[in-house]
1. Counting only heavy atoms of the protein chains, get the accessible area per residue of the chain (1.4 Å probe) and round it to a whole Å² value.
2. Which of Lys220, Lys202, Lys231 moves the most in a Gaussian network model of the chain with Cα springs under 10 Å?
3. Given springs between every Cα pair under 10 Å in a Gaussian network model of the chain, which of Gln104, Gln288, Gln124 has the largest fluctuation?
4. Would you mind counting up the charge near Val118? Only other residues with Cβ under 13 Å from its Cβ, with Lys and Arg at +1 and Asp and Glu at -1.
5. How many percent of DSSP beta bridges within the stretch 156-274 run antiparallel, rounded to 5?
6. Could you give the distance between the Cα centres of the stretch 98-155 and the stretch 161-214, to the whole Å?
7. Pairs of alpha-carbon atoms within less than 8 angstrom and 6+ residues apart define the contacts here; what relative contact order does the stretch 1-136 have, in percent?
8. Report, please, the projected area of the chain averaged over directions, based on the convex hull of its C-alpha atoms, in nm².
Amino acid sequence: MGREKVVIIGSGPAGWSAAIYAARAELSPLVFEGAITEENRVAGTLPLGQLNLTTEVENYAGFPAGDLTGYLDSAIDPDVRQIMAPHSKHGISGPELMELMRQQAKNFGTRVVTDDIVEVDFKQHPFRLTASSGEVTETETVIVATGARANYLGLPSEEAYKNRGVSACAVCDGALPRFRNKPLVVVGGGDSAVEESTYLTKFASKVYLVHRRDQLRASKIMAERAQSNDKIDIVWNHVLSEVTGTDNDGVTGVVLKSTVNDEPKEVEATGVFLAIGHTPNTAFLKGQLELTDKQYIVLTTPFRTNTSVPGVFAAGDVADDYYRQAITSAGAGCMAALDAERWIAAHE
Ligand code: NAP
């Protein structure tokens, strides 16, 4: 078994930025980008991360108006491409940004394995990483960049109708026939809920945005967009208490519970989209790194990507429940690669 210098686990903006920097430092990084499985699809943990499940990325510096259509048409899966708005003369979409980052990392010699790391052993050095295929990789340093995934409420009825009307990804599922010209429900009050509601108005007859308070958490500009959209009805002060449906039809509606009085509300809908925050993808670490009480990786040194284990670094949403932006993740990925490079130099 050859020993790697840097293994990067994860394939969002943090992972690819780390790979670009590590490859250019001639560390020949190996990226485990995640496995393409139904389990990962349902959990929202497929390769290329959360940005691959989003639409326009309006706040990633460096992408003003410009026409990249020709190249992107050839790089992106036509099935994914066709559900996105035709892309020209305006910024960049999440899937486009991720494909470009991946390609950029590969151009500098990054090797990519399409599999999950399911177990790590950081108690011995070189570190040992086990993939879901059973293959074990030994490495001098590790950069964990596995991101975070969408949360569900945990209702039995929500679980029962997953993939039959319940989803946590409007961009993945919104164009399905069952959601077209039908009323849909989105739960949440943050940027994701607003973005997903706005996106779903392309297909739905009506979108009910259900929020547990009387004020959106979303940024002002996004909130205004939702509030001025005729197809979006905001249902204030309510939570989802049950998804209703039938074996034949899947989801047919929801029961909502008021947070201010005892009156339940029923809404007909063929789809329910959860947009209620995220959980970091750290389960595979199984106690090998120090985590916060919310299971995010603890960074032990201010302004560095060091974790509780020397030689293991973390970048992006897996260690950040505060900024959670593509551009901060990409920056952290760059920092992690530089930290790994210096760590290797100091220990060789
Ligand atoms: P978020 O900001 O944490 O918002 C989660 C929302 O879900 C909150 O409104 C919260 O309600 C609600 N919620 C949480 N648990 C709930 C429960 N059990 N029942 C009912 N409602 C529940 O998460 P996010 O919207 O996914 O955004 C995450 C980060 O990504 C943010 O920093 C955001 O700015 C960023 N983001 C940016 C963009 C963009 O710029 N285009 C798009 C998407 C996300 P409360 O408000 O009452 O807490």
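The values are calculated or read from the model by the stated rules, or taken from the named source; none is laboratory data. These figures come from a predicted structure and were not determined experimentally. Using ideal geometry, Cβ is built from the backbone for each residue, glycine included, and neighbour counts are taken over all protein chains shown. Accessible surface areas use protein heavy atoms only, side chains included; no ligands, DNA or RNA. Shrake-Rupley method; radii C 1.70, N 1.55, O 1.52, S 1.80 Å.
1. Numbers: 16700 Å² over 348 residues.
That works out to 48 Å² for each residue.
2. Between Lys220, Lys202, Lys231, it is Lys220 that shows the largest mean-square fluctuation.
3. Top of the fluctuation ranking is Gln124.
4. Computed value for this residue: -4.
5. DSSP beta bridges in the stretch 156-274 are roughly 45 percent antiparallel.
6. Cα centres, the stretch 98-155 to the stretch 161-214: 31 Å.
7. This gives 30 percent for the stretch 1-136.
8. Working: hull surface 73.8 nm².
If I average the Cα hull's projected area over directions, I get 18.5 nm².
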